[in-house]
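Where a number appears in this text, it was derived from the coordinates with a stated rule and is not lab data. Computed from a prediction, not measured in an experiment: that's the story for all the values here. Note that we place each Cβ from the backbone using ideal geometry, even for glycine, and neighbour counts take in every protein chain shown.
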Amino acid sequence: MKSLKTKMYLGFGIFLFLILLLSFSGIFFLNRLSDDSKSIISDNYNSVNYSMLMLKELDNIFLFQTQLLNANLEETAKDSIYSLISTHKKRFDKIYIQQKNNITEPGENILMKKVSANYSRFINKIEKLSHDKKEFNEELEITNSYKVLKNSINEIYLLNINAILKKSDVAENTASTVITYMSIITVLSLIITIVFIYYFPGYLIAPIKELTNKIKAVSDKSFDQRVEIKANDEIGELSESFNLMAERLKEFEESHLDQLLLEKYRMETLVFGLNDGVLLLDEKNNVLLINSIAEEIFNLKSHDILNKNINRFADESEILKYVLTLVAEKNTSGKPLKINKNNTEEYYSAEYIEIKRNNIHVNQNKILGLVLYLKNVTSFEKRDLAKTNMLATVSHELKTPVSSINLSLKLLNDARIGVLNPEQEKLLQSIQLQNKRLLNVINEILDYSQVETGKINLSIDNVDPAQIIEIATFALMVFLNEKEIELKVDIEKEIPFIRADLEKTIWVLVNILSNAIRYSPMKEKIILTAAKEKNYVIFSVEDFGAGIPPEDKERIFQKFVKDKVNFNRGTGLGLAIAKEFVESQGGRIWAVSEINRGSKFFFKLPIAN
């Protein structure tokens, strides 16, 4: 059985063979070309050089010999010329011996013997002429011997020159042959490589790709998939294992289908029997199940939305769009939904539950679906509304006697009725303070009851943010002076007007500033800013007090929430009312805080068009 590893080794072995083939072919042909070149340089070149040197020495001998023919030469000059002739003869003899030992071409040995004979004849005639009387015939014979000798040396020169030219042609032919063979080998190697690159990866990947597609099909619960890969390697074994797995999965599915249907029937019975709305989604937000309550709330029909993406129907139902927004923002603190059913009002609290399966191998939770749960809270809302109405009624009824008490306290302060002693004045001041506090509590409860009942009367108009800040800060100037707090106001230049209710926006800013003053140490500072950001104007109030504990950050805008330090102050309704006032005007309020470094509250309202 050939494994994938063996096949990969085989593929890389082909590449290695082609590389070695190119390398050894190049080395072989380059060596042939080098040998031909060396034969030209090492053999024939020396013969040509020796021939030229012998001709040079021969010319020198003949030249000095012709000078001896001058009868007017002195004996000393003749001796000098004889010495020079002797020197050139020695050089000629030495070069002759070197050439004799460098016979390279056929026939060159015969020419060397011819040169030797002609050279001996030429030297003998020179020596004879130097001892005998010089005659014209002898001088002519020397000249003829010189020419014959020179011609014989030229024959050696021409023989080697022709040999060099012939071997140069051989070298050129060898180079041409090398280029031809190397080109053929390169083209064949390139063709083999391209074919290998094109087919070999596909040969390895094709079965893997097929197996991957089949696995994806099985993951979609299509258990009839089978892989027809006949291979004696790991892929073949994997294919057989996959086929066996698909077959077992199909058997398992068929054996548990009845049980699954029973469980599904039980779940549907439970869901459809609830008095709450339930909508079940898969991981792609496709609708798997919706009960009749949810159909009625969303005004959708199951046969229209089953197995379809729920986001496609968001524009058809405002309630569904609102619920999906809560899910997207992971917000579970939204207001209960008010639904008119059979001419009666019912309230539903929107919640969602993520269906997860913990994957222990990768240590993360994979979301498999989502349950939108609309809990019927009508009874709780009605009780809460009744409680709010009762508080509003009681507060309204209390406001009249408290106002009467306040009027009586003012009369007691009038000296015309009678002068009070110091103890009575202190007691009267304490009663006035407590009465004022009680009146503030009653007013806050009345404001909140107005919010709870949804009867907020807004007077929206174009308002200057600077006017809001001016009125709010003026109202709190006494409290700022009491704690010697420095208020820094920073309003952006040319800040635009906003669409808001002047009275309620001032109330919100006063409430936030009052809290900042309350939690700021003596002689501290508070920073109040207003600036435009996109289509809103953002107000911010920053103090440098104790800050808000992390566990209270998410609760400070809820009703009846008070801090532990100043628990006895206020009702815990101020920020909850501020939140309702801001959101009812199309804005948003939030806060950031850090322990022992203070808090910063923000709220934004839309700018006027």
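Structure values in brief
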item: FRET efficiency for Q558 and E494, using Cβ-Cβ distance with R0 set to 30 Å, rounded to 0.05; result: 0.20
item: Using a Förster distance of 30 Å, the FRET efficiency for A217-E354 (Cβ separation, nearest 0.05); result: 0.60
item: Estimated inter-spin distance, R226 and W590, nm [label 7 Å along Cα→Cβ]; result: 6.0 nm
item: In nm, spacing of pseudo-spin labels at T87 and S116 (7 Å Cα→C-beta vector); result: 2.8 nm
item: FRET efficiency, L368 to K532 (Cβ-Cβ, R0 56 Å, nearest 0.05); result: 0.80
item: Highest average packing first - 592-604, 481-493, 97-109, Cβ atoms within 10 Å; result: 592-604, 97-109, 481-493
item: Within the stretch 87-193: Cβ-based charge dipole about Cα centre, in debye rounded to nearest 20 (Lys, Arg +1; Asp, Glu -1); result: 420 debye
item: Difference of contour (0.36 nm per residue) and Cα-Cα distance, F17 to D169; result: 51.4 nm
item: Gain on full stretching of the segment that runs from F196 to I208 - 0.36 nm per residue minus C-alpha separation; result: 2.5 nm
item: Difference of contour (0.36 nm per residue) and Cα-Cα distance, V478 to N307; result: 55.1 nm
item: Inter-site label distance for K523 and N275 at 7 Å from Cα along Cβ, in nm; result: 6.4 nm
